[in-house]
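The values are calculated or read from the model by the stated rules, or taken from the named source; none is laboratory data. If you're wondering where the values come from, they're calculated on a predicted model, not measured in any experiment. Heads up, the Cβs are rebuilt from the backbone with ideal geometry, glycines too, and the neighbour counts pull from every protein chain shown. We work out accessible area using only protein heavy atoms, side chains counted, and drop any ligands, DNA or RNA first. Shrake-Rupley method; radii C 1.70, N 1.55, O 1.52, S 1.80 Å.
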Amino acid sequence: MNKEELIKAISTKAKVSQKEAGECLNATIEAISQALARGHKVTLVGFGTFQVRQRAAREGRNPRTGAVLKIPAKKSPVWTAGKNLKERIEGKRKQLAGSGRGR
């Protein structure tokens with residue numbers, strides 16, 4: 001599902017126009033991005049948690065030459081799925097597996 005398809009789904013589910021759904025989605029993404037940029041953690045209970053983690057500096061290798069490279073430390077955004085989302089996904093997998101249909 002891409003952003004356009006997500007906006008259509010939100011529009012249908014919330015019974016609002018696609019323009020309003022798009023504005024809400026963009027506002028949500030912007031609010032989460034700003035919170036992460038300030039170093040805050042964003043938790044959506046039942047869905048997941050967005051946070052920033054510090055990655056340590058390390059050494060890597062150039063695959064062509066084999067030369068050692070120093071990779072600097074950096075911050076990376078991370079998302080962790082919530083318990084309810086994990087259970088919902090796991091439940092769907094069990095349902096498909098038990099339905100007798102092949103992959």
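Structure data summary
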item	result
Selected from 33, 79, 43, residue furthest toward positive end of dipole (the chain; charges at beta carbon)	79
Proximal aspartates and glutamates relative to residue 3, as straight alpha-carbon distance under 19 Å, when same-chain residues fewer than 8 apart are discounted	20, 23, 30
Carbon + sulfur, % of accessible area of the chain - ligands and nucleic acids excluded, 1.4 Å	54
Å² of accessible area per residue within the stretch 1-43, as computed with a 1.4 Å probe and no ligands counted	78
Nearest-ten-degree value, helix 18-37 long axis tilted from longest Cα axis of the chain	30
Proximal aspartates and glutamates relative to residue 70, as straight alpha-carbon distance under 19 Å, when same-chain residues fewer than 8 apart are discounted	59
Sorted peptide list for 74-80, 55-61, criterion being average Cβ within 10 angstrom, highest first	74-80, 55-61
For the chain: rounded, prolate or oblate by the Cα gyration tensor [a/c cutoff 1.5]	oblate
